[in-house]
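Here, each number is a calculation from the coordinates, and none is a lab measurement. This is a predicted model, so every value here is computed, not measured. Cβ placement follows ideal geometry from the backbone for every residue including glycine, while neighbour counts extend to all protein chains displayed.
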């Protein structure tokens, strides 16, 4: 996790930095927005920006939009700054953190951004075979395509591969191709030169150059526009990239790992994905089985999440009761490991006895075999658009704000989910409760 803090934070900078460092983050600091933008452009890599809301937060977002830079931003402020906090959120900040800093809140936000601390926990033979193959090919330079349903842990396995590769001491850079708008993804990957387009006031180093010597993860590659796929193919084949507006190619040395929750062979057949790029990426395929096909992992993962969330919430650890474990084993898990994580978080908070019993395991419905939550039937006379909005927002609420999980349940792409939520927000509908840290993950 690479954290950039912008602003003086009224003397609370040291405290916030120490908390972040203790949580494993690499912290950089900039006194003002101009300096912060130079850091972001410079290729050092920034996963999250924290900015003092007393600065011109709107100016930061205007510059990020003009320069086509996609990076999550949270606002910070000392004391009670309701107007400044609201202005920061309206400008585009994902969250507001009051200062002096609360260690638990900062931990929650960093955890929502970073998956570095999550090991590949497994016990089931189906998953053991995948991990064994991953470790066998990790030292090679081969491109790897990791496939599996949303929530199975594809990025976790990608980081596991990097950690066991010859590039482990270099950077692991992840780009979520589904979460970044099409207009921004090209400059995110390849960077741009000063004057390349309106708003490009300085050179920006892209993720390929940032990952030089290390590993570049192209998460949800199936969501990439086919026109950009041609440029990506050339970068992989020639080991060089062209910055937007550049006059000469830049050599890069990266290992490519890509993930997809879709059937890329079908995407190739339908013309949505280039066949030559598919062959370049699919030198080795690692398919992560869904959780329902690796039931031997459920008790191990459930206990792991129970211990983790008990520690994070300063609660006494409780073992999982046999009835609770059986309830988990009987469930279909359409949301996979990510869904199990959310359910165990709630269970830790809801449990009241010496064990986490079955009553604390809140599944989607009484039948425990439904792939979608019960959002209630539509009111007669409602428009189709209103019913769709109610279903999407209800599913998102059920998933605790996890957009990828909600999109999986609804059978739509994360890009469609993001566009719908932006539309609802523009129309004045609340898409997330204020103050919830999960907003930073979207």
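Only bridges with both residues in the chain count here: give the DSSP antiparallel percent, nearest 5.
10
Contact order normalised by length for the chain, with contacts defined as Cα pairs under 8 Å and 6 or more residues apart; what percent is it?
15
How far, in nm, would the chain grow between residue 330 and residue 226 when pulled straight, counting 0.36 nm per residue and subtracting the alpha carbon separation?
Net length gain for the segment: 33.4 nm.
Just how far, in whole angstrom, is segment 323-349 from segment 253-277 if you go by their alpha carbon centroids?
Taking the Cα centre of each part, segment 253-277 and segment 323-349 sit 31 Å apart.
With each pseudo-label sitting 7 Å past Cα toward Cβ, what's the residue 315-residue 65 distance in nm, one decimal?
With each label point 7 Å from Cα toward Cβ, the separation is 4.1 nm.
Quick one: length gained pulling residue 86 to residue 422 fully straight, 0.36 nm per residue minus the C-alpha distance?
My answer for the length gained is 119.2 nm.
When a/c reaches 1.5 or more, the comparison of a/b and b/c decides; with that in mind, is segment 125-287 rounded, prolate or oblate per its Cα gyration tensor?
prolate
Springs between alpha-carbon pairs under 10 angstrom, Gaussian network model over the chain: which of 103, 314, 15 fluctuates most?
Of 103, 314, 15, the Gaussian network model singles out 314 as fluctuating most.
Just order 242-253, 386-397 by mean Cβ neighbour count inside 10 Å, highest at the front, would you?
Packing order, densest peptide first, comes out as 386-397, 242-253.
Could you work out how far the C-alpha centroid of segment 55-71 sits from that of segment 117-193, in angstrom?
Result: 29 Å between the Cα centres.
Peptides 414-420, 143-149: what's the order by average Cβ count within 10 Å, highest mean first?
Per-residue mean Cβ counts within 10 Å order the peptides as 143-149, 414-420.
Would you kindly state how much longer the chain becomes between residue 163 and residue 123 on full extension, computed as 0.36 nm times their sequence separation minus their alpha carbon distance, in nm to one decimal?
Going from the current span to full extension adds 12.4 nm.
Per residue and in Å³, how big is the convex hull formed by the alpha-carbon atoms of segment 2-113?
Residue-normalised Cα hull volume stands at 85 Å³.
Antiparallel DSSP bridges in segment 177-275: what percent, to the nearest 5?
40
Go ahead and estimate [θ] at 222 nm for the chain from helices alone: -39,500 (n - 2.57) per DSSP H run with n ≥ 4, summed, over the residue count, rounded to 500.
Calculated mean residue ellipticity at 222 nm is -12500 deg cm²/dmol.
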